[in-house]
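Q: Mind looking over this structure? Questions follow.
The values are calculated or read from the model by the stated rules, or taken from the named source; none is laboratory data. Since we're looking at a predicted model, the values are computed, not measured. As a convention, Cβ positions derive from the backbone with ideal geometry for all residues, glycine included, and neighbour counts pool all protein chains shown.
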Amino acid sequence: MKKTFPVILALALSACACVPLAPSSGSAGIDLVPPVLLRASAEGPNRIVLEFDEPPVPGDGPVEIEPDLAIAGREARDKTILVFTESAQKIGAEYTLRLTVSDACGNSAWLAVRFYGYNPSPPRLLINEFITRGSSTHPDLVEIKVLEGGNMGGVAFYCGTPARWDKRFVFPPFTVCRGDFVLLHCKPQGLPEEIDETASPDASGGMDACPTAYDFWLPEGTGLSGNNGALSLCDRPEGKYLDAVLYSTRTSDADADYRGFGSYDVMEQADELAAAGAWMAAGEKIAPEDAVNPDASTTTRSLCRSSASADTDGKADFHIVPTRKSSFGRDNCDEIYTQ
């Protein structure tokens, strides 16, 4: 299970004694810790914001961005450093920013920070249908529905949550319109015809490719957890939630250590979704009973969002359709599977 952070590398360069801060800052109450980066993101086509845990002082060394973006300037404000570029970033492109930073005590660090090119118009999206119990002929699959059009560049899908995930897919830039469908195939077969579609929805010919949806293939994807997990969509990596789903076949009394979720990772994912308001809990703490239950689902009985769903961010939004009623790439079936 991966945890992600915006800093690729932070190397302390020097430290000196200073006015005592928190006892944890260093031995004998002396500050020996350089500023800690909390967040890095593009907040405009020519502006990157770096947020720290204390007021930073920009270092004397060069500021560099790869792929190459010429630096127009930098500025420290409160607990942030703003970096300005001469040319606009490419929407959704991955960049690495390198710079040095210190604090008022002279504690310095060299940082290599990852960020993604600013997207001025991300679409509004919903996780609309998914299969977690795929077969060799119909592997695990997630359908995303476009509610409001925009550019998909930099939109991030997580098998998990932004802070704790198994696989992540960052979409390339392409325009989608209201009513479009995007399919993410979570267990590709490595076939040459598995083509990510950014222009025409009928270009891909991989297994379960759909001519009425934009098909994408999760690199090295091995499928979704069949019984217990989370799916998340964000406007950019480590960004704002667009939608999420928690699913589980378990109950609160299934184990004593992880509130019934079966593992620390899934419990943490559930807590993260609840804290962000991305999935609702009936009680004080989110529980497996709050999740969509995939127990009766199969490779042809998908979990579908109801057409009448008000997107309550809860299990009532989803149902399991009857056998062979999966509807990837088209409007969902509202029929409900009954045993």
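Q: So in the stretch 71-95, with the set limited to residues that are of a type in the set (S, T, N, Q) and in a loop (DSSP other than H, G, I, E, B), which one is farthest from Y116 (Cα to Cα)?
A: Out of the qualifying residues, it is S87.
Q: Does the stretch 281-310 hold any residues that are over 14 Å from E129 (Cβ atoms), in contact with a helix residue (DSSP H, G or I) (Cβ under 6 Å, 6 or more places away or on another chain) and of a type in the set (D, E, K, R), and which are they?
A: Of everything in the stretch 281-310, nothing turns out to be over 14 Å from E129 (Cβ atoms), in contact with a helix residue (DSSP H, G or I) (Cβ under 6 Å, 6 or more places away or on another chain) and of a type in the set (D, E, K, R).
Yes or no, residue by residue, for (1) in a strand (DSSP E or B); (2) more than 30 Å from F174 (Cα to Cα):
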{"position": "A42", "(1), (2)": "yes, no"}
{"position": "E51", "(1), (2)": "yes, no"}
{"position": "L69", "(1), (2)": "no, no"}
{"position": "L97", "(1), (2)": "yes, no"}
{"position": "W110", "(1), (2)": "yes, yes"}
{"position": "F115", "(1), (2)": "yes, no"}
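Q: Note down all Cβ pairs under 6 Å where the first residue falls in the stretch 203-231 and is over 29 Å from F261 (Cα atoms), the second is β-branched (V, I, T) and not in a loop (DSSP other than H, G, I, E, B), and they're at least six residues apart or on different chains.
A: Every condition considered, the pairs that remain are Y214/V182.
Q: Then there's this: Please work out which residue is surrounded by the most Cβ atoms within 10 Å (Cβ to Cβ), limiting yourself to the stretch 289-314 and to residues that are in contact (Cβ under 8 Å) with a residue 60 or more places away in the chain and not in a loop (DSSP other than H, G, I, E, B).
A: Across the stretch 289-314, the extreme among qualifying residues is C304.
Q: Which residue out of A275, A270 is within 18 Å of the chain's Cα centre (by Cα), of a type outside the set (S, T, N, Q) and more than 19 Å from D166 (Cα to Cα)?
A: A275
Q: Out of K187, K145, K167, report the one residue that is assigned by TED's automatic domain parsing to the domain that holds L246, buried (at least 16 other Cβ atoms within 10 Å of the Cβ), closer than 23 Å to F318 by Cβ and out of contact with any strand residue (DSSP E or B) (no Cβ under 6 Å at 6 or more places or on another chain).
A: After ruling out the rest, the residue left standing is K187.
Q: Identify the single condition in (1) within 17 Å of the chain's Cα centre (by Cα); (2) outside the structural domain of A40 (by TED's automatic domain parsing); (3) at negative phi; (4) not basic (K, R) that A93 does not satisfy, given that it satisfies every other one.
A: (2)
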